[in-house]
Amino acid sequence: MNPLDHLPLILEAEQLVPLLGHKDLLIVDLCNPRLYEQSHIPGAISVAPQNMVSGVQPATGKLPAVEQLNQMFSDIGYRKNKHIVVYDDEGGGWAGRFIWTLDVIGHRQYSYLNGGAHVWLNEGHPTESTLNRPEPTQVDLKVDDSVIASKDLIMDSLADPDTVIWDARSAAEYLGERIFAQKGGHIPGAVHFEWTSAMDLNRNLRIRSNIADVLETLGITRDKNVITHCQSHHRSGFTYLVGKSLGLSIRAYDGSWSEWGNLPDTPVEA
């Protein structure tokens, strides 16, 4: 039996340790590159978060062209049979964004290391400082847009009682007190729950054990079509991941507020 079969989406460090070195395991590190150079999970490959985004103003966080995705996945030695474990050093924003990207390319064999580098380093698990550079692979990806929410989809869903929009930004951004676009405020009807509120600060930024109950009080439940966003689909990478872990029907709006807040025809509440 392959020990990588049936690994959970939310993987604990103790579950990963005995799998280190498995030929079909690919560990992706989205930490600060200086941290990666000093200490990382053995075998982990460093990926720069900017490789996951288009970088085109104003909505810099939108999904990049497939050619850019092909290059990124080629550089990490991607193969369809790999089980990919993803982690970062910020509680899951970039790691969640990477997992959303895996969903976009149709790769479903993945896990998030719960708590990421905070758990791994603070709780004494093995590390190395080797700069791992795999042999590039031939990659020809196709985009599955079923996990992508567009501006038009949201506009069409504003009056839909079965759709809930999860705004993962700060309260000040949601209320229009801090503005990083032409317009401030939030999408009409959007529910606010800041991404860091889903982290357990007393357990090295693991996902809160009661997160399902907390989200249920906000109406973010399995019977709804959930769309999550932030400013650039970085912070909402984590909320997308949390939603996936709870079995929610969830998409991410990669245009996020940097698109919505800069368009003349999009409605806003504050």
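The values are calculated or read from the model by the stated rules, or taken from the named source; none is laboratory data. Bear in mind the structure is a predicted one, so any value in this text is a computation, not a measurement. Positions of Cβ are backbone-derived with ideal geometry, glycine not excepted, and every protein chain shown enters the neighbour counts. All accessible areas refer to the heavy atoms of the entire protein, side chains included, with ligands and DNA or RNA removed. Shrake-Rupley method; radii C 1.70, N 1.55, O 1.52, S 1.80 Å.
Kindly provide the set of residues from segment 192-218 that are of a type in the set (Lys, Arg) and in contact (Cβ under 8 Å) with a residue 24 or more places away in the chain, ordered by number.
Arg203, Arg206 - these are the residues of segment 192-218 that are of a type in the set (Lys, Arg) and in contact (Cβ under 8 Å) with a residue 24 or more places away in the chain.
All but one of (1) of a type outside the set (Gly, Ala, Ser); (2) open to solvent by less than 20 Å² (accessible area, probe 1.4 Å); (3) touching a residue at least 24 places away in the same chain (Cβ under 8 Å) hold for Val53; state the number of the condition that does not hold.
(2)
Can you tell me which residue among Val143, Val119 is surrounded by 19 or more Cβ atoms within 10 Å (Cβ to Cβ), of a type in the set (A, V, I, L, M) and out of contact with any Ser or Thr (no Cβ under 7 Å at 6 or more places or on another chain)?
Val119
Which number in (1) surrounded by fewer than 13 Cβ atoms within 10 Å (Cβ to Cβ); (2) touching a residue at least 24 places away in the same chain (Cβ under 8 Å) marks the one condition that Arg108 misses?
Checking Arg108 against (1) surrounded by fewer than 13 Cβ atoms within 10 Å (Cβ to Cβ); (2) touching a residue at least 24 places away in the same chain (Cβ under 8 Å), the one that fails is (2).
Of Ala65, Ala48, which residue is surrounded by fewer than 16 Cβ atoms within 10 Å (Cβ to Cβ), under 25 Å from Leu121 (Cβ atoms) and small (Gly, Ala, Ser)?
Ala48
Out of curiosity, is Glu90 closer than 20 Å to Glu12 by Cβ and open to solvent by 10 Å² or more (accessible area, probe 1.4 Å)?
Yes; evaluated as a whole, the condition is true for this residue.
For the list (1) free of Cβ contacts under 8 Å to residues at least 60 places away in the same chain; (2) among the acidic types (Asp, Glu); (3) assigned to a helix (DSSP H, G or I), I need the number of the one condition that Glu135 fails.
(3)
For segment 20-34, enumerate the residues that are surrounded by fewer than 18 Cβ atoms within 10 Å (Cβ to Cβ) and closer than 27 Å to Asp254 by Cα.
Result: Asn32, Pro33.
For segment 80-89, which positions are in contact (Cβ under 8 Å) with a residue 40 or more places away in the chain and part of a loop (DSSP other than H, G, I, E, B)?
Residues satisfying the conditions are Asn81, Lys82, Asp88, Asp89.
Exactly one condition in (1) out of contact with any strand residue (DSSP E or B) (no Cβ under 9 Å at 6 or more places or on another chain); (2) closer than 21 Å to Val242 by Cβ is not met by Ala172; state its number.
Only one criterion is unmet by Ala172, namely (2).
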